[in-house]
1. What is the packing order of peptides 131-144, 58-71, taking the mean over residues of other C-beta atoms within 10 Å and listing the highest first?
2. If every alpha-carbon in the chain counts as one equal scatterer, what log10 I(q)/I(0) does Debye give at q = 0.11, 0.13 1/Å?
3. Could you grab the relative contact order for the chain? Cα pairs under 8 Å, six or more apart, rounded to a whole percent.
4. In degrees from 0 to 90, rounded to the nearest 10, what is the angle of the helix 128-143 Cα long axis to the longest principal axis of the chain?
5. Which part of the range 167-195 falls in the paramagnetic zone of VAL108, meaning amide N under 12 Å from the point 7 Å along Cα-to-beta-carbon?
6. When the accessible area of the range 5-186 is split by element with a 1.4 Å probe, what percent falls to carbon and sulfur?
7. Working out 0.36 nm times the residue gap between VAL18 and LEU116, then minus their Cα-Cα distance, what length gain in nm do you get to one decimal?
8. Straight-line reach from LYS92: which lysines have a Cα under 26 Å away, not including same-chain ones fewer than 8 places off?
Amino acid sequence: MALSLAARIQLLRFLVAVVFFHGSEYFLAVAIHGRSRVSLGSLLISKQYAFAMICALLEYKIELVFFPELKENWWMSNIGLVMVIIGEIIRKAAILTARRAFTHTIRVYHENHHQLITHGIYRFMRHPGYCGFFIWATGTQLMLCNPICIVAFTMVTWRFFYRRIRFEEFFLRQFFRSRYVEYARQVPSGLPFIK
């Protein structure tokens, strides 16, 4: 079966988005933290993530065969592309603003160079890195016109970040005490329905 123009463009956009996202995460981590302090984990590809992306491509293929008209929805695909770009911009702004304070793992011990970042994009949201990833992940599925994965990615990433934010903020309150409490009171989390 030959892929339509829309299907080829959607798949190409998706592959470019995924490769750029993960490659840039890794290279920024190396540039900021140094090669010796960065592992392949900075590519942010876990077993669960790989499974989710396989499910997304599987849904895409099944719907392409049985419901090809779903994949001709240019406005939805283009909205997804815009979301992917916005998500990338927000996440990369978070990384570049926080610099060494931004890590791919939650710090459970305070380090001397660890500081509370409240300037730049952090003036508008406490967790722009998570916000950017949430928008990016959902956007990838809109870009592919995958109705099942749009819902699944939105729900799963929101739940993941809900738990992660609660865990991370426990330590941030320990590290920065009243400064973090006041900051959290004034600045939203950056994700819907997470205070």
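The values are calculated or read from the model by the stated rules, or taken from the named source; none is laboratory data. On a predicted model such as this, the values are computed, not experimentally measured, just so you know. Cβ atoms come from the backbone with ideal geometry, glycine included; neighbour counts cover every protein chain shown. Protein only, heavy atoms only, side chains kept; ligands, DNA and RNA dropped before computing areas. Shrake-Rupley method; radii C 1.70, N 1.55, O 1.52, S 1.80 Å.
1. Taking the mean over residues of other Cβ atoms within 10 Å, the ranking is 131-144, 58-71.
2. Ignoring solvent entirely, the Cα scatterers give -0.54, -0.73.
3. Relative contact order comes out at 25 percent.
4. Around 0 degrees separate the two axes.
5. From the range 167-195, the list is 168, 171.
6. Of all accessible area on the range 5-186, carbon and sulfur atoms account for 69 percent.
7. 32.3 nm
8. LYS47, LYS195
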